[in-house]
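I have placed the structure first, in the form of structure tokens, so that the comments after it can refer back to it.
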Amino acid sequence: MDKPDTLRQLITENVPELVRNPDKLKIYVRSGSVATRFGGINLGFQYGFDLHIEVRDYTGHPDTIFLPIALWLRVNQPDILLNLEKADQAITFEADYLDNETVDIDVTLKLTESVDVLPYTSDDGDGYKMTHRTEAPIIGTEVLVTPTPLLKRIYDQDGKFIAGYPMIYFLTGSDGAPLIGSDGKPLTDTDDYV
């Protein structure tokens, strides 16, 4: 199964607290099934499984965990988001507030992953070639499903920065000379460049 690893990578590369401490994130499969059918040249099968995501001792806002998961689903399991009944239960969770600043979050996703298995001949002999299918993209949603750039800075409903990587502005070059703006004047205030 490839999907658990791709979700782990997205979360640990984009949630600042988990970038610093990826051991707070645990991902595992508790139960699953494999569906396969007799017939045809493709001997493929489909995994069906409950993916469990645990985040322990988290001090960030829970939104910063759920947003990457929701964006990941748009790319990696769009079919459940297109079905209203499935979408309502696409992400289930439990949260245990340990104190005023720390929470344990347990998330469950019901996922599928298809694998094509076809006869294959190589210089080493005959065998099978296994390919994990990618999900068909939903046309017109590209800007919404390219999460990495969007997750660098997350704001709440009031526009307050709540997570991500603060932008660093240098108003001088490496030689100490002021940087010049497009108007020909030295840059003096970052507010105009945010």
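Bear in mind that the values in this text are calculations on the coordinates, not laboratory data. All figures in this text were calculated on a predicted structure; none of them were measured in a lab. Positions of Cβ are generated from backbone atoms using ideal geometry, with glycine treated the same way; all protein chains shown enter the neighbour counts.
Counted by Cβ distance under 12 Å from G32, the other residues give a net charge of +1, where Lys and Arg count +1 and Asp and Glu count -1.
Centre-to-centre separation between the Cα atoms of the range 10-48 and those of the range 79-121: 9 Å. Its Kirkwood hydrodynamic radius, worked out from the mean inverse distance over all distinct Cα pairs, puts the range 89-130 at 14.6 Å. Any idea which of Y58, N76, T131 is furthest toward the positive side of the dipole for the range 3-151, if Lys and Arg beta-carbons carry +1 and Asp and Glu beta-carbons -1? Working it through, the farthest residue towards the positive pole turns out to be T131.
Highest mean packing comes first when the peptides 73-85, 30-42 are listed by Cβ atoms within 10 Å, giving 73-85, 30-42.
Here the convex hull built on the C-alpha positions of the range 1-141 has a volume of 159 cubic angstrom per residue. Counting Lys +1, Arg +1, Asp -1, Glu -1, what net charge surrounds F49 among other residues with beta carbon under 13 Å of its beta carbon? That works out to 0.
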